[in-house]
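Rule-based calculations on the coordinates, nothing more; no lab input. Computed from a predicted structure; not experimentally measured. Here the Cβ positions follow ideal geometry from the backbone for every residue, glycine too, while neighbour counts run over all protein chains shown.
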Amino acid sequence: MYRIIVVEDDKGIADGICECLGRWGMEACQIRDFLRVMEEIRGYEPHLVIMDITLPYMSGYHWCTEIRKNSSVPILFISSAADNMNMIMAMNMGADDFIPKPFDQSVLVAKVRALLRRTYDYGHDPFTLHAAGAVLNTDENTLVYNGEKIPLSRNEYRILLTLMQNKNKVVSREKLMEALWETDAFVDENTLTVNIGRLRKTLKEAGIRDLIKTRFGVGYILEAD
């Protein structure tokens, strides 16, 4: 499991990043003491650092320079100071990429995965999501249960991916339809209902029963330990 450390003093943003990365099978923590940033980074031994520019006491540029004195760990800057000068300075200080605030979490995940791929060749250690003994490989878009690979249609995969990313949380029908729209498929209420039914049938035939539950008037939930 890849370890990500978040150097961000806005706790709401840091919590959101850690929760988002956790849904993608990564372990993420955030800096607690901004006077001891290097000590916490060394103790955690992260595979990637997410760094804000404006921080208490010392800027992200300072800590980036300190990290680069003895480590090549990838560093992803996030900042509302997203003008060209700050982006160029971040890269010159040793950053590997830069995301302007505010950002979409899907963009953050894509950037993080790209950096990990380039640095560690994670094709040999794919990102997976787990629920009730089923394993969804998000690099190969495949589902495995009891050692058997279960074929999924493109729409079934998108629905299951969204539900597994939000395991034990109710996902609205609107959010699921948005996920299906990304496949360029025409989606309305009936289309979603049909695809949910097909996915349930596919899971049931594979021996996975009652994984997806309906919350009438709200959406669906994937309940699993």
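For the reader, a short list of remarks on this structure follows.
- Given 15 as the ceiling on other Cβ atoms within 10 Å, longest exposed-site-free region of the chain for trypsin sites (Lys or Arg not before Pro) in DSSP loops: 70-168
- Antiparallel bridge percentage (DSSP; both residues within the stretch 1-138; nearest 5): 20 percent
- The local environment of residue 18, defined by Cβ-Cβ distances under 15 Å, has a net charge of -4 under the rule Lys, Arg +1 and Asp, Glu -1.
- Given charges at Cβ of Lys, Arg, Asp, Glu: the chain dipole, positive-most of 160, 203, 80: 203
- Modelled this way, with points 7 Å down the Cα-to-C-beta line, the labels at residue 88 and residue 172 are 4.3 nm from one another.
- For the chain, a crude dipole built from +1 on the beta carbon of Lys and Arg and -1 on the beta carbon of Asp and Glu, taken about the Cα centre, is about 540 debye to the nearest 20.
- Sequence-separation-based contact order of the chain, relative, with Cα cut under 8 Å and 6+ spacing, percent: 14 percent
- Residue among 61, 145, 31 farthest towards the positive dipole end of the chain, charges placed on Cβ: 145
- Among the chymotrypsin sites (Phe, Trp or Tyr not before Pro) found in the stretch 26-78, those both in a DSSP coil and sparsely packed, with 15 or fewer other Cβ atoms within 10 Å of their Cβ, are 34, 57.
- Relative to the Cα centre, the charge distribution of the stretch 48-171, modelled as +1 at Lys and Arg Cβ and -1 at Asp and Glu Cβ, gives a dipole magnitude of about 160 debye.
- Build a GNM of the chain with springs between Cα atoms under 10 Å apart, and of 15, 83, 97 the one that fluctuates most is 83.
- Relative contact order [Cα under 8 Å, 6+ residues apart], the stretch 128-222, whole percent: 27 percent
- Cα-based shape type of the stretch 88-179, given that a ≥ b ≥ c are square roots of the gyration tensor eigenvalues and the cut on a/c is 1.5: oblate
- Taking GluC sites (Glu not before Pro) across the stretch 142-214, the ones in a DSSP loop with at most 14 further Cβ atoms lying within 10 angstrom of their Cβ are 182.
- In percent, rounded to a whole number, the relative contact order of the stretch 1-122 is 22, using alpha-carbon pairs under 8 Å and six or more apart.
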